[in-house]
Amino acid sequence: MKKFRFPLERLRAWRRVQLDAEQSRMRALLDEEQRVASRREALGLEMERARAGFAGGAAIPAFELAALNQFSIHVESETQKLKNLQRQVRQAIEQQRETLLAVRRESEVLERLRRRRYEEWRAESDREEENLVAELVVARWKAAGR
């Protein structure tokens, strides 16, 4: 019996490479989303610490209030930019999820087809082996009968 050969093996391998690449892109996007969320959280904590520094109830010089106000404006601006970036990253993740799903489906179709072809080849191989054994038994039986 000839060795099993799947005619679409190169395509199957290529789909596997594509799937790995799309999974890597997804991991990178998820990492980016985490970085943006961490930065937003850090900004919020910085703002809380700055405000807490003024919670003592003592008289606060005007230049420090102005600095806190400027910092507050900066934090709000950065927070808005990070919200927009986070929204963009989430949209990219959603698109990547769809792409990944499509590539995974294509890869799985080829995997199932390969498995089915292998099972067919294996069944044919088993039939050929059974026929060969049967022919050998008949040949021995005929040779022993003479």
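Please treat every number below as a calculation from the coordinates, not as lab data. It should be emphasised that the depicted structure is a prediction, and the values quoted were computed from it without experimental measurement. Cβ coordinates were reconstructed from backbone atoms using ideal geometry, including for glycine residues, and neighbour counts include every protein chain displayed.
From Cα pairs below 8 angstrom and at least 6 apart in sequence, can you work out the relative contact order of the chain, rounded to a whole percent?
Reported relative contact order: 47 percent.
Looking at the calculated P(r) for the range 9-121, what percent of the C-alpha pair distances fall above 23 Å?
More than 23 Å apart: 56 percent of the Cα pairs in the range 9-121.
In debye, nearest 20, what is the charge dipole magnitude of the chain about its Cα centre with +1 on Lys and Arg Cβ and -1 on Asp and Glu Cβ, if you could check?
In total the dipole reaches around 900 debye.
Less than 13 Å Cβ to Cβ from residue 126, Lys/Arg counted +1 and Asp/Glu -1: what total charge do the surrounding residues give?
-4
With the chain treated as a Gaussian network of Cα nodes joined by springs under 10 Å, which of 104, 114, 127 yields the largest mean-square fluctuation?
127
Which ordering of 93, 60 is given by a fewest-first count of other beta-carbon atoms within 10 Å?
So the ranking, lowest neighbour count to highest, is 60, 93.
Based on the Cα gyration tensor of the range 1-66, what are the three equivalent ellipsoid semi-axes, each the root of five times an eigenvalue, rounded to whole Å and given largest first?
Square roots of five times the eigenvalues give 62, 9, 4 Å.
Residues with beta-carbon under 14 Å from that of residue 37, excluding residue 37: net charge, scoring Lys, Arg +1 and Asp, Glu -1?
The answer is +2.
Give the cross-link partners of residue 142 among the lysines, using a straight C-alpha distance below 26 Å as the criterion and excluding same-chain residues fewer than 8 apart.
The reachable lysines, counting only those whose Cα sits under 26 Å from residue 142, number zero.
By counting other Cβ atoms within 10 Å of each Cβ, how are 136, 19 ranked from fewest to most?
Final ranking by Cβ density, sparse to dense: 136, 19.
Given the -39500 (n - 2.57) contribution per DSSP H run of 4+ residues, what per-residue ellipticity at 222 nm results for the chain, rounded to the nearest 500 deg cm²/dmol?
The helix contribution divided over the chain gives -33000 deg cm²/dmol.
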